[in-house]
Amino acid sequence: MAAAMAWLRRGAWGPTRRCGVLVAGRSYSGGGAYPNVSLTSPLPGVPKAVFAAAEGQERFETRVTVLENGLRVASQNKFGQFCTVGILVNSGSRHEAKYLSGISHFLEKLAFSSTAQFGSKDEILLTLEKHGGICDCQASRDTIMYAVSADTRGLDTVVNLLADVVLQPRLSDEEIEMTRTAIRFELEDLNMRPDPEPLLTEMIHAAAYRENTVGLNRFCPVENTERIDRQVLHSYLRNYYTPDRMVLAGVGMEHQQLVEYAKKHLLGVEPVWGSGQAKEVDRSVAQYTGGIVKVVKDMSDVSLGPTPIPELTHIMIGLESCSFLEEDFIPFAVLNMMMGGGGSFSAGGPGKGMFTRLYLNVLNRHHWMYNATSYHHSYEDTGLLCIHASADPKQVREMVEIITREFILMAGAVGEVELERAKTQLKSMLMMNLESRPVIFEDVGRQVLATNTRKLPHELCALISQVKSTDIKRVVTKMLHKKPAVAALGDLTDLPTYEHIQAALSSRDGRLPRMYRLFR
């Protein structure tokens, strides 16, 4: 103790030299004497510090302006040298019912290619590099997003580039041919990769919404790659790339500045496909059907090498939840976090999900299961809560019964501790993700595109805090009255019938009907 106190005294008051200053010796690099003053008082001869302060609540709010042509401009100011800005379009694979499937996939791959102003993709990238910029395009079932992150001083150039990329693409024969090759390669890779999650997600949507809206294929079928050309693309763009279906979203700039550049580059611009009135916009509402999609596939050689992945059968079971516009969306998000799950080889503490139900009740009890993960897909008119599980083909029946039992147990008692943990974890994940500028950009763009406004993080956290165990029980009871959607991939010899899975989800304990075989 005496030694520790001596060290503490030396550390606090001893003559320690830092950066050329003898702190307690009252001499410093200038050679003069340092006056004996408290560090809590202003130093003599030093100007008073001026600190930046938030200018009221409006500093944190997302501002939205609607231009004369219907285009919405939304921005969120954020301190920093760089900004993220992009155009989100209310267009995706769900709108392709009257067109060839795969157009959105093509547009995603063709993004940031040659335009009216820029002769090639290289020219676009060189322009962005002058402002330290990068670009990306992502297409989902209901949105296509073109985004750029760059130095704020290059905002005018970036908005001009985005307007040209979205409204004036050349879509040359060479670029379309290269896109066909890229899509064929991606489809081959999708069928060969060890992780089946993207494929299962497609299958569960196809089963849940058979041949309508979000159940339409997000990836371009191989047979359509040769049929999609410039004329087909222009026909689609004419209907869906209209100003009233677009949002110019930005993070890290002054709102008025972004509005000025939007007026300059996006107002009164004639698209390359013409500016005629949209005639065939698909406004269909998602129709949940339920059903099963099965793909029998040899999974024994998906990952060869010194430590190959064993042959697995993958099952995904889902039920209809709700849209992100409904009040029940927050209880479903908490439920999804409470179920959690992951792979059997995950490690870490509570933040990794080790205390979620699919870990405690499934992976920790059944060593032969390789994966059990909960997913929640939500759209503007529907939603889907799924559980994905993987195991040896010989134990498929037992695995399905374990998952159906977990669905039934969702409607049972919810412990106060696990509910609070799920709510805290959801708020933590929300706030952690919204520290990233590109994530804020996507959140601003998607919310404004769907609702013309944006719920701020503290509002969402307040809604999460209000969720009670009765809310969880209510939404689950409603969900269990729907027909299930099932996707199965791999060796399906022992897969129970769809009717048996439906019966298990309608029973009290989630057990499959017993089967008696004379010969095994």
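The values are calculated or read from the model by the stated rules, or taken from the named source; none is laboratory data. Bear in mind the structure is a predicted one, so any value in this text is a computation, not a measurement. Here the Cβ positions follow ideal geometry from the backbone for every residue, glycine too, while neighbour counts run over all protein chains shown. Areas reflect the complete protein model, heavy atoms only, side chains present, ligands, DNA and RNA absent. Shrake-Rupley method; radii C 1.70, N 1.55, O 1.52, S 1.80 Å.
Miscellaneous remarks
- The residue pairs whose first member lies in the stretch 189-202 and is closer than 21 Å to residue 374 by Cβ, whose second member is among the hydroxyl-bearing types (Ser, Thr, Tyr) and at pLDDT 90 or above, and whose beta carbons are closer than 9 Å, counting only pairs six or more residues apart or on different chains, are 196/390; 197/373; 197/375; 201/375.
- Those residues of the stretch 250-300 which are assigned to a loop (DSSP other than H, G, I, E, B), of a type in the set (A, V, I, L, M) and under 30 Å from residue 312 (Cα atoms), in sequence order: 299
- Tally, over the stretch 256-265, of residues that are touching a helix residue (DSSP H, G or I) at 6+ places or on another chain (Cβ under 7 Å) and surrounded by fewer than 21 Cβ atoms within 10 Å (Cβ to Cβ): 2
- Scanning the stretch 400-427 for residues that are part of a helix (DSSP H, G or I) and open to solvent by 70 Å² or more (accessible area, probe 1.4 Å) gives 405, 409, 416, 417, 420, 421, 424.
- Long-range neighbours under 9 Å by Cβ, at least six apart or interchain, first residue in the same structural domain as residue 80 (by the TED database) within the stretch 123-136, second assigned to a loop (DSSP other than H, G, I, E, B) and open to solvent by 30 Å² or more (accessible area, probe 1.4 Å): 123/117; 132/81
- Hey, residue 210 under 28 Å from the mean Cα position of the chain (by Cα), open to solvent by 50 Å² or more (accessible area, probe 1.4 Å) and either in the same structural domain as residue 177 (by the TED database) or within 20 Å of residue 450 (Cα to Cα) (or both) or not: yes
- Within the option set 253, 246, 299, being outside the structural domain of residue 101 (by the TED database) and either farther than 30 Å from residue 150 by Cα or open to solvent by less than 10 Å² (accessible area, probe 1.4 Å) (or both) holds for one residue only, 299.
- Test for residue 140: is it polar (S, T, N, Q), assigned by the TED database to the domain that holds residue 254 and in contact with a Pro (Cβ under 7 Å, 6 or more places away or on another chain): no
- Restricting attention to the stretch 266-280, the residues being at pLDDT 85 or above and either basic (Lys, Arg) or open to solvent by 30 Å² or more (accessible area, probe 1.4 Å) (or both) number 5.
- Contact annotation: no residue pair with Cβ atoms under 6 Å, 6 or more positions apart or on different chains, pairs a residue in the stretch 359-371 that is under 17 Å from residue 407 (Cα atoms) and in the same structural domain as residue 400 (by the TED database) with a partner that is charged (D, E, K, R) and open to solvent by less than 80 Å² (accessible area, probe 1.4 Å).
- Scanning the stretch 169-188 for residues that are open to solvent by 50 Å² or more (accessible area, probe 1.4 Å) and either in the same structural domain as residue 316 (by the TED database) or touching a residue at least 24 places away in the same chain (Cβ under 8 Å) (or both) returns 170, 173, 184.
- Within this structure, residue 443 fails the test of being crowded, with 16+ Cβ neighbours inside 10 Å, assigned to a helix (DSSP H, G or I) and in contact (Cβ under 8 Å) with a residue 60 or more places away in the chain.
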